[in-house]
Amino acid sequence: MKLQQLRYIWEVAQHDLNVSQTAQSLYTSQPGISKQIRLLEDELGVEIFSRSGKHLTTITPAGHAILSIVGDILRKCDSIRQVALEFTDESKGQLSVATTHTQARYRLPEVIRRFVGRFPHVSLNMQQGSPQQIAAMAADGSVDMAIATEAMEHFHDLVLLPCYRWNRSVVVPKNHPLARMHKVGLADLVRFPIVTYTFGFTGRSRLDEAFSRQGLVPNVVFTATDADVIKTYVRLGLGVGIIASMAFEPQQDSDLVALSAAHLFESSTTMIGLRRGMFLRAYMFAFIQEFAPHLSRDRVEEAMKCSNRAEVDALFAATDLPIH
């Protein structure tokens, strides 16, 4: 069994069983990959992939079990490389972050500006997606860390570090009836069509829970993953917007009125998700602390040593998180 063979079967699985695409991505030949996969299957005595003629069609049950272990092996190999790089040049490397539009647009720009100033030789790659998607990327090692509010708690291989709390604002045009109200209630909101986040994004679950507890059914007529899109449709008169308060920019949004909704909805907590057992380089600790100053290297290392989520939660239970 060779490490190269394990990498081949892993990459084939990641490329939807397309051996040709896998060969292109690895700069090798398609027959060479196919031969090595066959040699590995012969050695193990099981098929990893089912076939129809020369084409791979599905991953076998044995293949799924094997690939799960292979993923762990390849991640450990990557950690070994990261350890070596840390001791050869701690100021150079790569950092990949997966996050949502709200974090990328409103919270990360200044963090990244400071980070790049400190670590000009670190190549920074950002990927955007749904909370479910970015949590999966962090869990399988596709990225170094995920930053989101929703969904990451479903991935038990992630260590979740609490960063800050935030709440929502109701946004309406200046001539809207709600703009004249001092304090908006949920009963006021259900009188109008609502424009807000797609379910599963940016704390949307807190919004739905609040209406449900009051026995109210909001008329959500339009959803989007992007607060800028939501504000655009509020301007068009499609409905009342409910967005993260950080997404309201007084200068750019001077034609709108923002009304605090902190009394209506429970606050949400944005988290950084790190794959349990991963090796963190010095600049990764620095990035985390730039984003959440209370997450010092010592505290992150302590959290990474915790064996389960309850221990991590207990570690940060007394932390007074900032509000944004």
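The values are calculated or read from the model by the stated rules, or taken from the named source; none is laboratory data. Model, not experiment: these values are computed from the prediction. Neighbour counts are summed over all protein chains in view; Cβ atoms, including those assigned to glycine, are modelled from backbone coordinates with ideal geometry. Accessible surface areas use protein heavy atoms only, side chains included; no ligands, DNA or RNA. Shrake-Rupley method; radii C 1.70, N 1.55, O 1.52, S 1.80 Å.
Were the residues from residue 306 through residue 180 laid out at 0.36 nm apart, the gain over their Cα-Cα distance would be 40.4 nm.
Our estimate of slack between residue 28 and residue 315, defined as 0.36 nm per intervening residue step minus the Cα-Cα distance, is 98.6 nm.
In the elastic network of the chain, a GNM with C-alpha springs shorter than 10 Å, the most mobile of 196, 102, 223 is 223.
Positive end of the dipole of the range 1-159 (Cβ unit charges, origin at the Cα centre): among 131, 29, 154, the Cα lying farthest that way belongs to 29.
For the chain, the longest principal axis of the alpha carbon atoms and the long axis of helix 108-118 meet at an angle near 50°. Taking the average, over residues, of other Cβ atoms within 10 Å as the packing measure, peptides 19-29, 156-166, 259-269 rank 156-166, 259-269, 19-29 from highest down.
The DSSP beta bridges internal to the chain are antiparallel in roughly 60% of cases.
Normalised by the number of residues in the range 24-129, the mean separation of alpha-carbon contacts (under 8 Å, six or more apart) gives a relative contact order of 20 percent. Among the listed pairs 92/305; 183/231; 76/305; 2/35, those whose Cα-Cα separation exceeds 18 Å are 92/305; 183/231.
Only helices enter this figure: runs of n ≥ 4 DSSP H residues, each worth -39500 (n - 2.57), summed and divided by the residues of the chain, yield -12000 deg cm²/dmol at 222 nm to the nearest 500.
Considering only DSSP beta bridges with both partners in the range 153-301, what is the antiparallel share in %, to the nearest 5? All intermediate terms of the calculation are to be shown ahead of the outcome.
Values: 17 of 23 bridges.
Roughly 75 percent of the beta bridges in the range 153-301 run antiparallel, per DSSP.
Phi angles of the range 119-128 translate, via the Karplus equation with coefficients 6.51, -1.76, 1.60 and θ = phi - 60°, into HN-Hα couplings of 10, x, 9, 9, 7, 9, 10, 10, 10, 10 Hz per residue; Gly and Pro are given as x.
Give me the percent of accessible area attributable to carbon and sulfur for the chain, probe 1.4 angstrom. With neighbouring chains kept in place, the figure for the chain is 52 percent. Axis angle, to the nearest 10 degrees, between helix 282-291 and the longest C-alpha principal axis of the chain: 20 degrees. Between residue 18 and residue 91, the C-beta separation translates, for a Förster distance of 51 Å, into a calculated FRET efficiency of about 0.85.
Computed from Cα positions, the angle between helix 3-14 and the longest principal axis of the chain comes to roughly 40 degrees.
Protein heavy-atom accessible surface, 1.4 Å probe, per residue over the range 1-104: 57 Å². Approximating the spin labels as points 7 Å out from Cα along Cα→Cβ, the residue 212-to-residue 50 distance works out to 3.7 nm.
The range 145-190 and the range 238-276 have Cα centres separated by 5 Å.
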